[in-house]
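Worksheet: one structure, shown below.
What follows draws every value from the coordinates through simple rules; no lab data is involved. Given the structure is predicted, the values throughout are model-derived calculations rather than measurements. For neighbour counting, all protein chains shown are included, and Cβ atoms are generated from backbone atoms with ideal geometry for every residue, glycine included.
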Amino acid sequence: MWGVHALISPLTHTMTETVARATRLAYREGFARHGEEIIVVAGVPFGQPGTTNALRVAVVK
């Protein structure tokens, strides 16, 4: 997909932790600036393959 940059990060345990890590990574890697929105997808329950069922729009702070 155009404009998609996938990152795999170490296992997180909550959606809040996942979104916080994703926004930090997006900023640190130069994919987003402060105030921009990113899309975070994850699978709940965490750590189980094939469970990508959550999508969150997050603002980079």
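Of the residues Ala6, Tyr27, Val57, the one whose Cα sits farthest towards the positive end of the charge dipole of the chain is Tyr27 (charges of +1 on Lys and Arg Cβ, -1 on Asp and Glu Cβ, taken about the Cα centre). Backbone amide hydrogens, once placed in the peptide plane, bring Gly43 within less than 5 Å of Asn53, excluding anything fewer than 5 places away on its chain.
The GluC sites (Glu not before Pro) found in the chain that occupy coil by DSSP, while having at most 12 further C-beta atoms within 10 Å, are Glu29.
Helical content of the chain, expressed as a calculated mean residue ellipticity at 222 nm, amounts to -7500 deg cm²/dmol (DSSP H runs of 4 or more residues, -39,500 (n - 2.57) each, divided by residue number, nearest 500).
Charging the Cβ of each Asp and Glu at -1 and of each Lys and Arg at +1, and nothing else, the dipole of the chain about its Cα centre rounds to 120 debye. Amide H to amide H, with H built 1.01 Å from N, Thr12 comes under 5 Å of no residue 5 or more places away or on another chain.
Taking amide H as placed 1.01 Å from N in the peptide plane, the amide H of Glu36 sits under 5 Å from that of Val60, each at least 5 places away or on another chain.
A simple rule links phi to the HN-Hα coupling: the Karplus curve 6.51 cos²θ - 1.76 cosθ + 1.60 with θ = phi - 60°, which for segment 12-21 gives 10, 10, 9, 5, 4, 5, 5, 5, 4, 5 Hz, with x for Gly and Pro. Counting every other Cβ atom within 10 Å of each residue's Cβ, Arg33, Arg56 order from fewest to most as Arg33, Arg56.
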